[in-house]
Amino acid sequence: MSDSDAPSLFELFRAEVEEHSHALSDGLLALEKQSAPREAAESLMRAAHSIKGAARILGLDAVVAFAHQVEDAFERFRKGTEAVRRARIDQLLRATDLLSTLSGGDEESAKRWGEKHATEVNELLTALSLPPPDDAPAAATAPAVAATPPAPIPASRGAESPSKAAALVGGGPAAIDATAPKAAEGEQRTVRVGADHLDRMMRLAGESVVEARRAPGMRAQLVSIKEELIQLRRSVERGIRQVSAPNSPLEALLPRIDELQARARRHGESLDGLFRRSEEAATALYHEVLASRMRPFGEITGGYARMVRDLARQLGKEVDFEVLGAATPVDRDILGKLDTPLTHMIRNAVDHGIEPPAERVAAGKPARARIVVEARHQAGMLIVDVRDDGRGIDPRAVRRRAMERGLLAPVMAESLSRSETFDFLFLPGFTTTTAVTEVSGRGVGLDVVQRMVQAASGTISVSSDVGAGSVFGMRLPITLSVIRAALVEIAGEHYAVALSRLERILRVEAERIRPVEGRVQFDLDGRSVGLILASRVLDLGDEAAAAATFGVLLLEHDGHWYGLIVDRFLGEQDLVVRPLDPRLGRVPHVSAAALLDDGSVTIILDVEDLLASVRRTLGEGRGRELGAAEPPRPDVRRRRRVLVVDDSITVREVERQLLRRLGYDVETAVDGADGWNQLRAGSFDLLITDVDMPRMNGIELVRTVRREARFESLPIAIVSYKDREEDRLAGLEAGANAYLTKGSFRDESFAETVTRLAGAPYE
């Protein structure tokens, strides 16, 4: 990295303050639970000392004085002259919060830090110089949940290292506080590298592996040359025998041919070594660059324990918090998308899930509740669970609330499974609570969580038992940069599908496949699996060649299995993902591209798009027998077609049934991107869309549709849970012809609007 690219001294200071602030917060929470705090206090002293030393170098005198007082408080803990009490922990946590504000501003604001926070600083300095209020020792107020209490989250390594800012100045002894402890032997050094640099390095490393793996082809060419030389020598020898003349000119060619063979052999041996070393070096570089993108999961969990503590005290609850799998490696891009969803789910668990201590004791539970966040790798995916041992979620309450809001017809309520019922929790504005607090109750949050998880190519699910707690589970790719993919051939073209999104790859005998109600399927492990040609989904052809067995990619969605029939399997390969050029826009069923080992380009298929198309086709009985042509339709009046776009399967089904009863032909799409793909591929007389959806929301969909000249006159109706005037105006300004709330399902306004916009069901 050049000097111009190196971070400034203040940037190093900000990074150090952020690192040590997390260490202070985590260490104080651990200190609060320990009865022998001497070792923990020493670690906290080092963190405060490092901030003080770095601030002194930058001339931030107010920060130096404040950090010094904080360090003195930890010194009293270490010497045992002051007992660890909750009141003092509260003061030191407030002091940590003040210091952490230095990591979020610029250098000028840091210089004015003491002036800006003068009142809070002086209050805390006074409080820290006085004995704390006479309350019970903190350790005595934290009984264990089980026989062995959960281990505290380890403090950041930064708490045990000297000031990085001071060390990088390199100005001699005066530049570094002599009392600062030395870095631990073997401690990993880090440098700040821009994300764009890492992305370019990842692409170049992937290309180097591809180039190195072309060596087998070059080896084959060299072997071919050797074989030709052998054949040439044999031909010359035969010519000499046929001529039978002494000193034939052909004899002079033999030594030359022998020399060429020897040179080819020597060069072949050298190239073999070169190829091997190049491939090993390229592969090692590739894995090192890939590893540089991976960060420990615990990097984002540092502030969660503090958040749980403060929120639990605010709500009068007692909660222990634990992180499992903090060292689990996660791609930095995935990690960055996890913080907000996790924060919301943890706050939700404290507020909604955990009962007050008295209620827990009455139910036979420990007074102190427990929330656990666990990260692990499983089957090539990152699994993140948020578990609590609280009151759980009552599916009856969820169904009742859905019916009250007009999202669920009573006749359908009892037929819903638990997983389908819990899907309502992710609808925008949906909440089962009646009280609105500062923490939650407005129904805002879980829909955003689901959208963020889906944006990271992941899924989220809920499992819960009344009285036994809940588990919110996220399933995400470990990295977005590299995928292990299955390579398949479809209609003569090569495609890749991420293995992490496949349930299974198998071959199905033709005699196991049978037609059922307009589609074909087969039985697997006691379950029926609907089948469809991949070429049909991708619009590459509609006929299947006769075969004794068919290659099938097994996909899963909401507990249902679907099979995509491909021409043949070509193996597996690690692929460096290359995003499509943004000028191409949204390409149906295509996620990205990649280079194969032989240097050719392949398309990575979008499994979410594929699933949406497969579910729609099979659900409407359009799967047809393999190789069968589309049956002729009777000559009747054309029914007007309506496209319904909504990410809730329940809402889609309600609207589909209402429209079919009115006489319309109905197609459905699971989100805005799927709806836009279908709209371009088909012909519709009316578009009905929700607003809040993943990938492309309803407002974006309406605007996208109106930008296309051929859709200028297409009637569009928005049906949303949002009933504010500003929401209605936003939809109409985007280009919608009508804006209805989902309560319109109960009266005639929905049917009247559809008839007015689309016309009578039949032309």
Taking strands (runs of 3 or more DSSP E) that do not extend beyond region 490-533, which have at least 2 residues that are surrounded by 14 or more Cβ atoms within 10 Å (Cβ to Cβ) and either in the same structural domain as THR602 (by TED's automatic domain parsing) or at pLDDT 85 or above (or both)?
493-498, 504-509, 519-524, 527-533
Out of everything in region 103-137 that is aliphatic (A, V, I, L, M) and either over 38 Å from the mean Cα position of the chain (by Cα) or at positive phi (or both), what residue ends up being modelled with the lowest pLDDT?
ALA136
Selection within region 282-331 - over 30 Å from ARG94 (Cβ atoms) and either hydrophobic (A, V, I, L, M, F, W, C) or touching a Ser or Thr at 6+ places or on another chain (Cβ under 8 Å) (or both):
ALA282, ALA284, LEU285, TYR286, VAL289, LEU290, ALA291, ARG293, MET294, ALA327, VAL330, ASP331
Restricting to region 678-713, name every residue that is closer than 23 Å to THR617 by Cβ and part of a loop (DSSP other than H, G, I, E, B).
GLY682, SER683, PHE684, ASP685, ASP690, MET693, PRO694, ARG695, MET696
Would you check which residues across region 442-460 are surrounded by fewer than 16 Cβ atoms within 10 Å (Cβ to Cβ) and small (Gly, Ala, Ser) and list them?
ALA455
Can we say GLY392 is closer than 18 Å to ASP692 by Cα, in a loop (DSSP other than H, G, I, E, B) and either at pLDDT 70 or above or not assigned by TED's automatic domain parsing to the domain that holds PHE321 (or both)?
no
In region 484-501, which residues are of a type in the set (A, V, I, L, M, F, W, C) and in contact with a helix residue (DSSP H, G or I) (Cβ under 7 Å, 6 or more places away or on another chain)?
ALA485, ALA486, ILE490, ALA491, VAL497, ALA498
I'm checking my understanding of the structure. Among residues of region 714-734 that are of a type in the set (Lys, Arg) and part of a loop (DSSP other than H, G, I, E, B), which one is farthest from ASP671 (Cα to Cα)?
ARG724
Any residue at all in region 365-376 that's of a type outside the set (Gly, Ala, Ser), surrounded by fewer than 17 Cβ atoms within 10 Å (Cβ to Cβ) and either assigned by TED's automatic domain parsing to the domain that holds SER464 or part of a helix (DSSP H, G or I) (or both)?
yes
Pick out, from region 401-472, the helices (runs of 4 or more DSSP H) lying fully within it that include 2 or more residues that are of a type in the set (D, E, K, R), modelled with pLDDT under 70 and in contact with a Cys (Cβ under 6 Å, 6 or more places away or on another chain).
none
Over region 541-557, the set of residues out of contact with any Phe, Trp or Tyr (no Cβ under 8 Å at 6 or more places or on another chain) and at pLDDT below 80 is GLY541, ASP542, GLU543, ALA545, ALA546, ALA547, ALA548, HIS557
Condition check for ARG293: at pLDDT below 85, touching a strand residue (DSSP E or B) at 6+ places or on another chain (Cβ under 9 Å), of a type in the set (Lys, Arg) and on the phi < 0 side of the Ramachandran plot
yes
Selected residue [under 30 Å from the mean Cα position of the chain (by Cα), farther than 26 Å from VAL453 by Cβ and buried (at least 18 other Cβ atoms within 10 Å of the Cβ)] from VAL705, VAL691, VAL719:
VAL705
Determine whether region 652-664 contains at least one residue that is of a type in the set (Phe, Trp, Tyr) and at pLDDT 85 or above.
yes
Qualifying positions in region 661-680 - closer than 13 Å to PHE750 by Cα and free of Cβ contacts under 8 Å to residues at least 40 places away in the same chain:
ARG661
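Being under 27 Å from LYS116 (Cα atoms) and either assigned to a helix (DSSP H, G or I) or among the hydrophobic types (A, V, I, L, M, F, W, C) (or both) is the requirement here; does SER43 meet it?
No.
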Which listed residue, of SER648, SER683, is among the small types (Gly, Ala, Ser), buried (at least 16 other Cβ atoms within 10 Å of the Cβ) and touching a residue at least 40 places away in the same chain (Cβ under 8 Å)
SER648
Where GLY380 falls short, out of the listed (1) surrounded by fewer than 23 Cβ atoms within 10 Å (Cβ to Cβ); (2) at pLDDT 90 or above:
(2)
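The values are calculated or read from the model by the stated rules, or taken from the named source; none is laboratory data. No experiment lies behind these values; they were computed from the predicted model shown. Methodologically, a virtual Cβ is constructed for each residue, glycine included, from the backbone with ideal geometry; neighbour enumeration extends over all protein chains shown.
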